[in-house]
Amino acid sequence: MTASLAGLAFLGAGEKYRANHERALAYVMAHVLDGGRGPGETGANWNQTNWSLGYGGIYLAEVCARDSRSPAREVLAKVVKRLEENQEQTGGYAHGPGGPNALGYLELEIVSNFAIAALGMAKRAGIEADEARTVKAIEYVKSCTSGGGVAYSTRPGQAGAGEAGRTAGAYWAFRQAGRDGRFEDGMAKYFERGLGRLTEGHVSPAMHILAGGLASSFRGKKSMSKFWKIYLPYVMSCRVAGGAFDARPTEESRSLQSNSDRSNGPAFITAHYALLLQLGQDRFKLLDR
């Protein structure tokens, strides 16, 4: 995940960071298909493969859109096949394959956002993908959506509770897959109404803020201007010594006494915000407008 985000940021930053990008690309190509953690001694399934496939697929698709002869094409084709194989019967995605996770469930909607975006971007980059699989994933996300807001899953207690960041990610993923109709308009209106609440997103505020930026970039300059009016001060307030960014506490992180953005390391959140700051500047072929 982190290497893919950093690679995208290096790619958008241009020639000055070519060597950094080449190292990130080599790492992702070598490891994106690695299996995640499987059942441990207790039999709990902690596999997280689908996150890497989603982020990695998005990154490799951007690379391939720039260079049709890139060796990343072969790896991206394998990522697409693996994402198709890992899709659950419902059309949604779990953290990874192998059955219910350690908490006893399969799908969580937000992973579908990255899978759909990766499949859509790969197809736009010229990689063959099974359209029926993408449609099935889209239909799963739709089944999680009520009033334009995308919920955690379709399970009781998790359905019906929309979240702005998750909805922004779904909208952006649908657009990457070529969808742009009334349903997408409903999602866009929902996340735009809740634009100021992206920092309240479950587990990773940085992930939700980036999703809001990506979605806003697809909505156009007016939407992007509203996004930056709220989040440029927030992002700049996260700067720390040495050029890195750090996570700010949230109500959830205080309650849980843990902060996932911070525990993933400084490169994780710095890559999110370095990429975010490049959106809307025509630095990417597929990622934004």
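The values are calculated or read from the model by the stated rules, or taken from the named source; none is laboratory data. Given the structure is predicted, the values throughout are model-derived calculations rather than measurements. Here the Cβ is made from the backbone with ideal geometry for all residues, glycine too, and neighbour counts use every protein chain on show. The accessibility values were calculated without ligands, DNA or RNA, using every heavy atom of the protein model including side chains. Shrake-Rupley method; radii C 1.70, N 1.55, O 1.52, S 1.80 Å.
Remarks
- Of all the residues in the range 130-149, those that are open to solvent by 60 Å² or more (accessible area, probe 1.4 Å) and either under 16 Å from Phe183 (Cα atoms) or in contact with a Leu (Cβ under 6 Å, 6 or more places away or on another chain) (or both) number 6.
- For the range 1-18, residues that are open to solvent by 50 Å² or more (accessible area, probe 1.4 Å) and either in contact with a Lys or Arg (Cβ under 6 Å, 6 or more places away or on another chain) or of a type outside the set (Asp, Glu) (or both) total 5.
- Residues (in a helix (DSSP H, G or I), open to solvent by less than 40 Å² (accessible area, probe 1.4 Å) and in contact with a helix residue (DSSP H, G or I) (Cβ under 7 Å, 6 or more places away or on another chain)) located in the range 66-83: Ala72, Val75, Leu76, Val79, Val80, Leu83
- In the set (1) open to solvent by 50 Å² or more (accessible area, probe 1.4 Å); (2) farther than 22 Å from Ala117 by Cβ; (3) touching a residue at least 12 places away in the same chain (Cβ under 8 Å); (4) of a type outside the set (Ser, Thr, Tyr), the condition left unmet by Gln257 is number (3).
- Of all residue pairs spaced 6 or more apart or on separate chains, those with beta-carbon atoms under 9 Å, a first member in the range 1-14 that is within 18 Å of Ser263 (Cβ to Cβ) and a second member that is outside any helix (DSSP H, G or I) and open to solvent by 30 Å² or more (accessible area, probe 1.4 Å) are Met1/Gln48; Met1/Asn264; Thr2/Asn264.
- Failed item, numbered, when Tyr152 is tested on (1) within 21 Å of Arg82 (Cβ to Cβ); (2) surrounded by fewer than 24 Cβ atoms within 10 Å (Cβ to Cβ); (3) touching a residue at least 12 places away in the same chain (Cβ under 8 Å): (1)
- Phe245 fulfils the conditions (1) in contact (Cβ under 8 Å) with a residue 40 or more places away in the chain; (2) under 23 Å from Ala3 (Cα atoms); (3) of a type in the set (Phe, Trp, Tyr); (4) open to solvent by 10 Å² or more (accessible area, probe 1.4 Å) except for a single criterion, (1).
- Scanning the range 237-279 for residues that are part of a helix (DSSP H, G or I) and touching a Phe, Trp or Tyr at 6+ places or on another chain (Cβ under 6 Å), we see that the one that is nearest to His202 (Cα to Cα) is Ile269.
- Only one of Gly162, Gly99, Gly91 that is of a type outside the set (A, V, I, L, M, F, W, C), free of Cβ contacts under 8 Å to residues at least 60 places away in the same chain, open to solvent by 10 Å² or more (accessible area, probe 1.4 Å) and touching a helix residue (DSSP H, G or I) at 6+ places or on another chain (Cβ under 9 Å): Gly162
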